[in-house]
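Coordinate-derived values only; no laboratory data. For clarity, every value in this text was computed on a predicted model and none was experimentally measured. Backbone-built Cβ (ideal geometry, glycine too); neighbour counts: all protein chains shown.
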Amino acid sequence: MPQYRYVALNREGKRIKDTVEASTLDTARNSLRGFGYTILEINELGTLNKDIDLPFLGNPKSKDMAVFCRQFVSILRAGVPVSTVLSMLSQQTENKKLRDAIRAMQGDVEKGMSLAAAMRRHPRIFSPMLVNMIAAGEESGNLERSFEQMEIYFDKARKTRAAVIRASIYPCILIFVMIVVLIVMMTRIIPKFMETFDEIGMELPVPTKIVMAISYWFVDWWWLLIIVIVVLIVAGVIFGRTDKGKHFYGLLTRKLPIVKLLTVRSASATFCRTLSLLLSSGINLTESLELTASNMRNIWFREAVQTVRSLISQGWGLGNSIQSTRLFPPMVSNMVSIGEESGDLQNMLDKCADYYDDEVQQATERLMALMEPAMLIIMAFFVLMIVLAIFLPMLNMTQMYDQYL
C-alpha cells in the first residue's frame, strides 16, 4: 500500500511530521482529517524513501508487533475475554511464527495462566520489555493502556529502524551496480580491445598494462574473487556474533564520520522512548534501565545503560549517570536532569525522544544526499581509468600514423 509523508497540525496546534499508509492520496487526506489534523503538506513516498522492514527467518518485526498490539486493544475494548481475543488474532495474523505463538498462548490462558506469563514462554517472539509492560498492565487492571503504549513504541521503533535501513540500502545498490559494471568491462569489453592491440604489436602505456593485467586476472580467476567475497561475508557475520565482533562493529558505527551521528541519535531516541514508556507503566527505575539496556542494539550503548543502572544503585542521579558514560549527547543528560529536578522526568524523556526521532530523519536525508555524489565520483574514477587505458593506445596509434604521413 502506498505511503504518504505529511506535515500537519493536531487539535492542540502541535506540528506533526509522520507517514501514513493509504490506497490513494485523497484517502490519506481524509484519514488525517478524521483525526482532527490540519494538513500543511502531504506527498507520496518514492521507492527509496518508503519505510523498509526486511524479513529475516520469518521472525515478527516491529510492524507485526504494532499491528498485534493495535488489534488486541480494538478487540479487548469490545468486552471480549482475553482467550477469545487471542483466538481471533490467531486467525488473522499474517506472520506464521507470531500466529503459532498466539495459538499456544491461547491454550495457556485457557488453562489459567496470565497473559504475561504465557508471553514469557515465547522469548524469541515477545521481548522482555513487552512482557513486563503487559504484566504491569494486568497488575494495575489497565491492560488496554499497556497495549496502546506498546503499539506507539513499536511504530516509532519501526520508523527509526526504517530510516537507518534507508540510509544504507542506497549506497549498497550503487556499490553492487559498480561491481557488476566493472566485472562486465574487465571480462568482456577490455579483452576485445587488448586483442586488437596485441595484433598491432605496439608498445602500450603503463595505465593500459595495469588494466590489462587486472582484466586477465578477472577472466582467469573470477571464481576465486566470488569465493573470497562469500568467505569474507560469512566470516564477518560469524565474527559479528562474538563479543569482540559486536564491540568492533559497534565502535565502527560510532566512529565513522558518515554514520556516527545517525548511530548516536538513533540510540538516544531508543533510550529515551523506552525508558519513558517503562517508567509510565509503574516499573521502578533500576528495572526500567535493565530492560532499556536489553533493547539497545549497539553493544556500547547497551553497556553504557548498564553502567547508568549500576550508578543509580549507588545513589547517583540519573542525569549525572548518563553524563558520566560520555556516549549520549549532552542534551540527553541535561533534559533528564531538568526532569529529575522538576519531577517531570517522563515528559522530558518523551520530548527528548521526539527531538531525536526528528534528528534521525534529518540525518538520514542528509546521509542519502551525500552518498549519491560520493558513489558516483568513485564510479566515475574507475570508468575514467578504463577509458584512459583504452584510448591512450589509440591516441598513440593516431600520432604514429600522422608521423608516418
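Projecting the Cα positions of CYS172, VAL305, GLN362 onto the charge dipole of the chain (unit charges on Cβ atoms of Lys, Arg, Asp and Glu, taken about the Cα centre) puts VAL305 furthest along the positive direction.
Around the Cα centre of region 249-405, unit charges on the Cβ atoms of Lys, Arg, Asp and Glu (plus for the first two, minus for the last two) sum to a dipole of about 460 debye.
Here the label points at ARG103 and ARG297, each 7 Å from Cα along the C-beta direction, are separated by 3.1 nm in the simple model.
Cross-link partners for LYS156 among the lysines, with Cα-Cα distance under 27 Å and sequence neighbours closer than 8 places in the same chain left out: LYS14, LYS17, LYS50, LYS61, LYS63, LYS96, LYS97, LYS246, LYS255, LYS260, LYS351.
Among GLY282, GLY250, GLY79, the largest mean-square fluctuation in a Gaussian network model of the chain, built with springs joining Cα atoms closer than 10 Å, belongs to GLY79. Would you be so kind as to identify which of GLN3, ALA28, LEU40 lies farthest towards the positive end of the dipole of region 3-45, taking Lys and Arg as +1 and Asp and Glu as -1 on Cβ and the Cα centre as origin? Result: LEU40, furthest along the dipole toward the positive end. If the Kirkwood radius is taken over C-alpha pairs of region 120-271, then at 4 °C and 1.567 mPa s the Stokes-Einstein diffusion coefficient equals 62 µm²/s. Helix 190-200 and the long axis of the chain differ in direction by around 10°, with both axes built from C-alpha atoms. Once the Cβ-Cβ distance of PHE239 and MET178 is raised to the sixth power relative to R0 = 35 Å, the FRET efficiency obtained is 0.90. Report summary: the helix-based calculation at 222 nm, which adds -39500 (n - 2.57) for every DSSP H run with n ≥ 4 and divides by the residues of the chain, gives -25000 deg cm²/dmol.
For the chain, the longest principal axis of the alpha carbon atoms and the long axis of helix 243-255 meet at an angle near 80°.
When ILE283, ILE210, ILE377 are sorted by how many other C-beta atoms sit within 10 angstrom of their C-beta, beginning with the fewest, the order is ILE377, ILE210, ILE283. Axis angle, to the nearest 10 degrees, between helix 206-240 and the longest C-alpha principal axis of the chain: 20 degrees.
A simple spin-label model places pseudo-atoms 7 Å from Cα toward Cβ; at ASN334 and LYS192 they are separated by 6.3 nm. Rounded to the nearest 20, the Cβ-based charge dipole of the chain about its Cα centre (Lys and Arg +1, Asp and Glu -1) stands at 640 debye. Within the straight-line cut-off of under 30 Å between alpha carbons, the lysines reachable from LYS192 are LYS209, sequence neighbours fewer than 8 places apart in one chain being disregarded. Each residue in PHE301, PHE218, PHE391 was given a count of other beta-carbon atoms within 10 angstrom of its own, and listing them fewest first yields PHE391, PHE218, PHE301. With R₀ fixed at 25 Å, the C-beta to C-beta distance from GLU365 to LEU256 puts the FRET efficiency at about 0.85. Scoring 66-73, 251-258, 3-10 by mean Cβ neighbours within 10 Å over their residues and listing the highest first yields 66-73, 3-10, 251-258.
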